[in-house]
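Colleague: Below is the structure I would like to discuss, written out as structure tokens.
The values are calculated or read from the model by the stated rules, or taken from the named source; none is laboratory data. Owing to the predicted nature of the structure, the values given are computational and were not obtained by experimental measurement. Cβ: placed from backbone, ideal geometry, glycine included. Neighbour counts: every protein chain shown. The area values use the complete protein model at the heavy-atom level, side chains included, leaving out ligands, DNA and RNA. Shrake-Rupley method; radii C 1.70, N 1.55, O 1.52, S 1.80 Å.
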Amino acid sequence: MEIDTNSCNCDNIAKEIDRLTDATDGDGLKDYVLQIESAISSNALVTNGAVFYYLGTAFDTLSCWENNSQGGQESAFFVEYKKKALFYLRKSIDLLEADEKQKHLLLCTYTNYANALDSCCRVIEALRIYRKAIQLHPAFGMAWGNYGRALQFYANTVNDTGHRSELHCFAYQAIKYALDLHDPNIHETAHAYFTRILKSYNATGQKDLLEAPIVFKSYSMGSGEELMYQKWCLNNHLFLNPLNDLMEQESAFAHDPLVITRCSENGKAIPNEKSTGVEPPKYFSMLNQLKEEYVYARFLVYKGIECAKKVHYADKNVRITLSSYDYANYSIRLEQIKSAFRILFSIIDQVAFAINSYWGLGYGERQASADNIFKSKKYPKDNIALTALYWSYSEFSDNFCKAEIGAARDLKTLRNALEHKYVKIHEYPDNRKLQIEDDDFYHISEKDLYNYVLRLLKISREFIMEFVYAIGIEEDNANTDGKIILPLSVADFDDEWKV
């Protein structure tokens, strides 16, 4: 079949992919999508979002078949197919978001992209995309059903029993709502799958509890600027709280309760010099630092983006020359955002360092970099939370399709530029590629800088939360023989002490 990737009518491509998929013809589907790839590479200007949607969906199907054929073991082919699926579905989203006539296809692309993320265990990021689909069309059953399915997975990942129960309630109600919509766009196989999930919930004998309205107590979020800050964090889903990954935005979610609930250590207990007790494992202190740095960076971003009403008093009488005429801006406000960006990126390195320590990967201090940790052959991918971090970090460094790099590579480029070189922030749009120019500067618009730092906020949040859940999963599955289990009651650090 001749493939025309520029045609506005992609029905032939869709029908052939559906035919091969329905026939579970793996070899035929692989050959066909390679033909599509070849057609695209011969026409670098292809701008049809539908083509990339079908291509990404087909590669995701191939990745699932490969995973099943390997008994759930991650093979090289699985990784290749999954990376291509993620890349092409993102490419489709970029094109379809700019085309108001393609709303339904965009909904499908959001949902399939989120499904692909979820199959990589990146449930936090998947929930973000499901929310986008539901916000675009609140009666889209496929998005609601998959959102509920992802919440069920998430509920079984978190380490807090209260949050686990609440997430299961939301999961049940989302899937039930999806089926009650009677949306003809719900595929037959998906409908059957969602129905099985409901039956499994009903079999627990808690149907009345699961169907009861979910009501949270209303909490004060302060007033004035504090209220504005809390609402901004809540609306952008930035609290270190799994309930802030829900569609709902309750005041009860506006806090950061994430903690390590239990942790054992090898070797002898460490005496506490000031008491007869012992110190908790070091990972509690590591999490304290990660959380406080994240919260500080989150606040800096808020101040830099939302509170730019007037010149800061510390910026007055600081002489800045008009050294160029390209509308470059200089201010403490922009330095707040740049500083937040640096802090947030360092969190990724710090999480990698902690993973090396807790899982005993064996890297010394200087070698325990994120690149070494996440690409180590000893990296434990049997832990679903660590698998999520593995796939999340791959977006910073790996090629996803030939020479095409992951979605977060620009974040890594910008971090290097901010740390070691010079970056000009322009008031107006700047469409140059993020690379060093002849003037020895990187150039970026304020709007793009805002988008980058907000994206990094969400990624660093994912890293902290998945790291905590990974410890919980490991503790659940650990062989405790030879370990000292410390039944400690770890007290909270009072807010009044944070001076």
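Results for (1) within 24 Å of ASP382 (Cα to Cα); (2) crowded, with 18+ Cβ neighbours inside 10 Å; (3) within 28 Å of the chain's Cα centre (by Cα), shown as yes or no for each residue.
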{"site": "ARG149", "(1), (2), (3)": "yes, yes, yes"}
{"site": "ASN156", "(1), (2), (3)": "yes, no, yes"}
{"site": "ARG164", "(1), (2), (3)": "yes, no, yes"}
{"site": "ASN185", "(1), (2), (3)": "no, no, yes"}
{"site": "GLU188", "(1), (2), (3)": "no, no, no"}
{"site": "HIS191", "(1), (2), (3)": "no, no, yes"}
{"site": "ALA203", "(1), (2), (3)": "no, no, no"}
{"site": "LEU209", "(1), (2), (3)": "no, no, no"}
{"site": "ALA212", "(1), (2), (3)": "no, no, no"}
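Colleague: Continuing with this model, one more query. Just checking: which of the helices (runs of 4 or more DSSP H) contained wholly in region 360-433 hold 2 or more residues that are within 30 Å of TYR325 (Cα to Cα), out of contact with any strand residue (DSSP E or B) (no Cβ under 8 Å at 6 or more places or on another chain) and open to solvent by 20 Å² or more (accessible area, probe 1.4 Å)? Working first, answer last.
Modeller: Working: elements: 370-374, 384-397, 409-420.
Ranges flagged: 409-420.
Colleague: State which residue is most open to solvent (accessible area, probe 1.4 Å) when the search covers only region 275-322 and only residues that are of a type in the set (Val, Ile, Thr) and outside any helix (DSSP H, G or I).
Modeller: Pass one, region 275-322, residues of a type in the set (Val, Ile, Thr): 276, 278, 295, 301, 305, 311, 318, 320-321.
Filter once more, so that each one left must be outside any helix (DSSP H, G or I): 276, 278, 311, 318, 320-321.
Details: THR276: 148, VAL278: 42, VAL311: 99, VAL318: 78, ILE320: 102, THR321: 91 Å².
Taking the candidates together, the pick is THR276.
Colleague: Which number in (1) open to solvent by less than 10 Å² (accessible area, probe 1.4 Å); (2) more than 21 Å from the chain's Cα centre (by Cα) marks the one condition that HIS104 misses?
Modeller: (1)
Colleague: Does LEU238 satisfy being among the aliphatic types (A, V, I, L, M), part of a loop (DSSP other than H, G, I, E, B), in contact (Cβ under 8 Å) with a residue 40 or more places away in the chain and open to solvent by less than 90 Å² (accessible area, probe 1.4 Å)?
Modeller: Working: among the aliphatic types (A, V, I, L, M): yes; part of a loop (DSSP other than H, G, I, E, B): yes; in contact (Cβ under 8 Å) with a residue 40 or more places away in the chain: yes; open to solvent by less than 90 Å² (accessible area, probe 1.4 Å): yes.
Judged against the criteria, LEU238 is a match.
Colleague: Further, regarding this structure: Here are some residues: ASP99, ASP4, ASP94, ASP22. Which one is farther than 30 Å from ASN383 by Cβ, at pLDDT below 90 and out of contact with any Leu (no Cβ under 9 Å at 6 or more places or on another chain)? Even if it seems obvious, please write down each step before you answer.
Modeller: On the way: ASP99 fails: out of contact with any Leu (no Cβ under 9 Å at 6 or more places or on another chain); ASP94 fails: at pLDDT below 90; ASP22 fails: at pLDDT below 90.
Residue meeting the stated conditions: ASP4.
Colleague: Can you pull out the residues in region 307-322 that are within 34 Å of the chain's Cα centre (by Cα) and either within 11 Å of GLN336 (Cβ to Cβ) or polar (S, T, N, Q) (or both)?
Modeller: Residues satisfying the conditions are CYS307, ALA308, HIS312.
Colleague: Right, ILE459: in contact with a Leu (Cβ under 9 Å, 6 or more places away or on another chain), part of a helix (DSSP H, G or I) and open to solvent by less than 20 Å² (accessible area, probe 1.4 Å) or not?
Modeller: Numbers: in contact with a Leu (Cβ under 9 Å, 6 or more places away or on another chain): yes; part of a helix (DSSP H, G or I): yes; open to solvent by less than 20 Å² (accessible area, probe 1.4 Å): yes.
Yes, satisfied.
Colleague: Something else now. For region 169-183, name all the residues that are among the hydrophobic types (A, V, I, L, M, F, W, C) and open to solvent by 40 Å² or more (accessible area, probe 1.4 Å). Don't jump to the end; show me each part of the working.
Modeller: Restricting attention to region 169-183, the residues satisfying the condition of being among the hydrophobic types (A, V, I, L, M, F, W, C) are 169-171, 174-175, 178-179, 181.
Selection gives LEU181 alone.
Colleague: Do you know which of the residues in region 25-45 that are surrounded by fewer than 17 Cβ atoms within 10 Å (Cβ to Cβ), small (Gly, Ala, Ser) and part of a helix (DSSP H, G or I) is modelled with the highest pLDDT?
Modeller: GLY28
Colleague: Is one or more of the residues making up region 46-53 of a type in the set (S, T, N, Q) and open to solvent by 70 Å² or more (accessible area, probe 1.4 Å)?
Modeller: Taking region 46-53 and keeping what is of a type in the set (S, T, N, Q), we get 47-48.
Restricting the remaining residues to those that are open to solvent by 70 Å² or more (accessible area, probe 1.4 Å) gives 47.
The answer is yes, given that some residue of region 46-53 is of a type in the set (S, T, N, Q) and open to solvent by 70 Å² or more (accessible area, probe 1.4 Å).
Colleague: Further question: How many residues, within region 458-486, are among the acidic types (Asp, Glu) and at pLDDT 95 or above? Break it down into steps so the answer makes sense when it comes.
Modeller: Looking only at region 458-486, we keep the residues that are among the acidic types (Asp, Glu), and these are 462, 466, 474-476, 481.
Subset that is at pLDDT 95 or above: 462, 466.
Result for region 458-486: 2.
Colleague: Determine whether ARG122 is surrounded by fewer than 24 Cβ atoms within 10 Å (Cβ to Cβ), over 25 Å from LYS199 (Cα atoms) and touching a residue at least 60 places away in the same chain (Cβ under 8 Å). Give the steps one after another, and end with the answer.
Modeller: Working: surrounded by fewer than 24 Cβ atoms within 10 Å (Cβ to Cβ): no; over 25 Å from LYS199 (Cα atoms): yes; touching a residue at least 60 places away in the same chain (Cβ under 8 Å): yes.
When the stated conditions are applied, ARG122 does not pass them.
Colleague: Here are some residues: ASN146, ASN159. Which one is farther than 23 Å from ALA203 by Cβ and either touching a residue at least 24 places away in the same chain (Cβ under 8 Å) or part of a helix (DSSP H, G or I) (or both)?
Modeller: On the way: ASN146 fails: farther than 23 Å from ALA203 by Cβ.
The conditions single out ASN159.
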